[in-house]
Amino acid sequence: MDVTAPAHRLSAAVSAASRLLPARTGLRLRAGAAGLTVAGSDPDLAVRFDCPATTHTDGSVVVPAAPLAETLKMLDAELVRLVVEGTRLALRLDNARFALPLLPGSEVTSEPPVLVSEVDGATFASALRIVAGTAAKDDPLPLFTGVRVQAGDHLTLTASDRYRMAVARLPLRTPGSLDVLVPATLLSEAARQAGGVVGLHVGPGRFGLSWHGGLVATAVLDAGFLSEDSIPSGAVDTTVSLEADALAAAVRRVGVYAEDRRVLTLEVGDTQVRLASARQDTGEAEETLKADVGGGRTSPSFQARYLLDALQAFAGERVVLSIQPGMRACILRAAEPGEVELTYYLMPMLPR
């Protein structure tokens, strides 16, 4: 194999593949008439990224992912030449040479499952960033570390860590049918790499994303238990409408004085909401914000960081909090929903 590629484009492809694949995985580099392909797989995951290149000699090799990614990141050159030299793959520049060992490896299978629909990549990534943020990072129950992806007439993304749940509905370019639970960290990284029109693929036990120049396909989990329908939402007795950014700023300021559990109570009045907190060692704080209030005066308490996360999802918008009595979830929605319809469920905390 002998091929010349733009160093920054090759670095981006190799880094993306390395972040998605398990540590110590080898990457297969394949040079052909269409350019250079970077691919890798394990039993549960397959990735492929295309890179423009000028191929001098066709070929395919497997090399360690981590040192290749690190080397390419540090190159200060426009082009890099990759040449097989015996049992090494040499990365050649005008004034430098780096050589990586060739590894044994079977052919990487990177064909996606069946294409069922397509979605705008930017819209998908934006919605997923919010929804995936509510998935648990480390949980003995895998369903709480995933995002449920459902398609029909529209695309629905759902995730929860049991303390909160986010549900986003967004338009599809073409209707399709799928219902899978995908690891949130993997899905977020794949969506971050995607651009333009993103294809949604599904097959027996597998889900895939594809876009011009890239593919990620992964094994999936059982999605049936993660559902918005499992959260009671018919007992709303108080609604509060105000600017999300203003409430978030007040939570940050007043939260400095909160006790160790960082729980704040949203005291609902006739035309305002009030936040207050106090600590013996730092003092006390309170702040009142104007709001449109309807119904009763139920005043829930929230973990400050979870409330901030929820409000961040509505940054720049006016948000409506639909408050249920007792320990039922508070439901946050935009006062004027846009292309993506986002619903955020936030569980209250017991005040001390």
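The values are calculated or read from the model by the stated rules, or taken from the named source; none is laboratory data. These figures come from a predicted structure and were not determined experimentally. We place every Cβ from the backbone using ideal geometry, glycine too, and count neighbours over all the protein chains shown. Side chains are part of the model used for accessible areas, which takes the heavy atoms of the whole protein and leaves out ligands, DNA and RNA. Shrake-Rupley method; radii C 1.70, N 1.55, O 1.52, S 1.80 Å.
Quick one: if the Förster radius is 51 Å, what FRET efficiency do GLN272 and MET74 give, using the C-beta to C-beta distance and rounding to 0.05?
E between GLN272 and MET74, to the nearest 0.05, is 0.40.
Among THR343, HIS212, LEU102, whose Cα lies farthest out toward the positive end of the dipole of the chain, if unit charges sit on the beta carbon of Lys, Arg (+1) and Asp, Glu (-1)?
LEU102
Once the piece of chain linking ARG297 and ARG173 is laid out straight, how much longer is it, given 0.36 nm per residue of separation minus the C-alpha distance between them?
In short, 40.4 nm is gained.
For the stretch 109-162, report the % of Cα-Cα distances exceeding 14 Å.
Looking at the stretch 109-162, the distances longer than 14 Å represent 61 percent of pairs.
Rolling a 1.4 Å sphere over the protein heavy atoms, what is the accessible area per residue of the stretch 274-316, to the nearest Å²?
54 Å²
Kindly list the residues of the stretch 165-208 that lie in the label zone of LEU141, defined by a backbone N under 18 Å from the point 7 Å along the Cα-to-C-beta vector.
Backbone N within reach: 165-167, 181-184.
Sum -39500 (n - 2.57) across every DSSP H segment of at least 4 residues in the chain, then divide by the residue count to get the 222 nm mean residue ellipticity, nearest 500. Walk me through the intermediate numbers first.
On the way: 6 runs with 67 residues, N = 352.
That comes out to -6000 deg cm²/dmol.
Only sites in a loop by DSSP and with at most 14 other Cβ atoms within 10 Å count here; which trypsin sites (Lys or Arg not before Pro) in the stretch 241-324 make the cut?
Details: sites: ARG252, ARG253, ARG261, ARG262, ARG274, ARG279, LYS290, ARG297, ARG305, ARG318; in loops: ARG261, ARG262, ARG297.
Hits after loop and neighbour filter: ARG261, ARG297.
In the chain, carbon and sulfur make up what percent of the accessible area (probe 1.4 Å)?
Numbers: 8450 of 16600 Å².
Taking all protein chains in place, the chain shows 51 percent carbon and sulfur surface.
Suppose all protein chains stay in the model; what accessible area per residue would a 1.4 Å probe give for the stretch 138-213, in Å²?
Working: 3090 Å² over 76 residues.
Heavy-atom SASA per residue in the stretch 138-213 reads 41 Å².
Could you give the longest part of the chain that holds none of the GluC sites (Glu not before Pro) found in DSSP loops with at most 16 neighbouring Cβ atoms within 10 Å?
108-258
Kindly provide log₁₀ I(q)/I(0) values, in the same order as q = 0.10, 0.12, 0.19 Å⁻¹, from the Debye equation applied to equal alpha-carbon scatterers of the stretch 121-274.
Normalising to I(0) and taking log10 leaves -0.46, -0.63, -1.16.
Taking one equal scatterer on every alpha-carbon of the chain, how large is log10 of I(q)/I(0) by Debye at q = 0.06, 0.11 1/Å?
-0.30, -0.81
Using only the C-alpha atoms of the stretch 219-293, find the volume of their convex hull and express it per residue in Å³.
About 163 Å³ per residue, rounded to a whole number.
Say each of ASP42 and THR57 gets a label point 7 Å from the Cα, pointing the same way as Cα to Cβ; how far apart are those two points in nm?
A separation of 3.3 nm, rounded to one decimal place.
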